[in-house]
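The structure appears right after this line, and notes come after that.
None of the figures in this text is laboratory data; all of them are computed from the coordinates on show. This is a predicted model, so every value here is computed, not measured. Methodologically, a virtual Cβ is constructed for each residue, glycine included, from the backbone with ideal geometry; neighbour enumeration extends over all protein chains shown.
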Amino acid sequence: MTGRDRFSTATRIKLLGEQTAARVYRSQTKRQARRSRLTGRAALLALVLCTLIVALAYPMRQYVSQRAEVADLEREKRQAGERVQQLRDLKARWQDDAYAEQQIRQRLHYVLPGETGYIVVDPDAARQSRADLGAADRPWYSNVWDRVDSSDAADQ
């Protein structure tokens with residue numbers, strides 16, 4: 001082997017190394033360029049997603065609150081329907097003369113001609129003064145007479 005062959009082999013190896021280094025450098029540059037493009041794309045994508053989230057947050061909150069309001073209104077509607085049905089039943093009961101007579105006798109302490117009405121007083125309740133009793137605990141006519149008496153006393 002001559003020196004020339006060695007030189008030429010060394011030259012070839014050096015040239016091959018330079019070419020390989022250039023390819024690696026170009027490859028790294030392309031990857032870095034791709035990375036920077038992906039980073040820019042990712043940033044743009046993140047910005048678009050954030051904008052969409054912010055833009056949709058208020059309508060979604062409104063939607064959820066309106067759905068809750070609709071559910072509340074449906075519940076109120078159902079309760080009102082039940083109350084209407086109860087009132088219809090009560091009205092139908094009041095249409096019956098026997099029920100109306102029973103309620104009048106019980107609530108107003110009415111008696112039929114020839115009957116004797118009795119009011120049983122609890123001994124403990126009799127010890128309390130009439131003023132201590134609430135208006136709901138006394139018969140309606142007692143409340144009326146008390147108001148008449150108080151009005152008359154205020155005029156004098």
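In table form, for the structure just shown:
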read-out	value
Integer Hz, Karplus 6.51/-1.76/1.60 couplings in order for the range 59-76, x for Gly and Pro	x, 5, 5, 4, 4, 5, 5, 5, 5, 5, 5, 4, 4, 5, 5, 5, 5, 4
Pairwise FRET efficiency - residue 104 versus residue 124, Cβ, R0 = 41 Å, nearest 0.05	0.90
Extended-chain gain in nm, criterion 0.36 nm per residue less alpha-carbon gap, residue 67 and residue 141	21.6 nm
R0 of 41 Å, Cβ-Cβ distance residue 27-residue 60: FRET efficiency to nearest 0.05	0.35
Gained length - residue 13 relative to residue 53, 0.36 nm times residue gap less alpha-carbon distance	8.6 nm
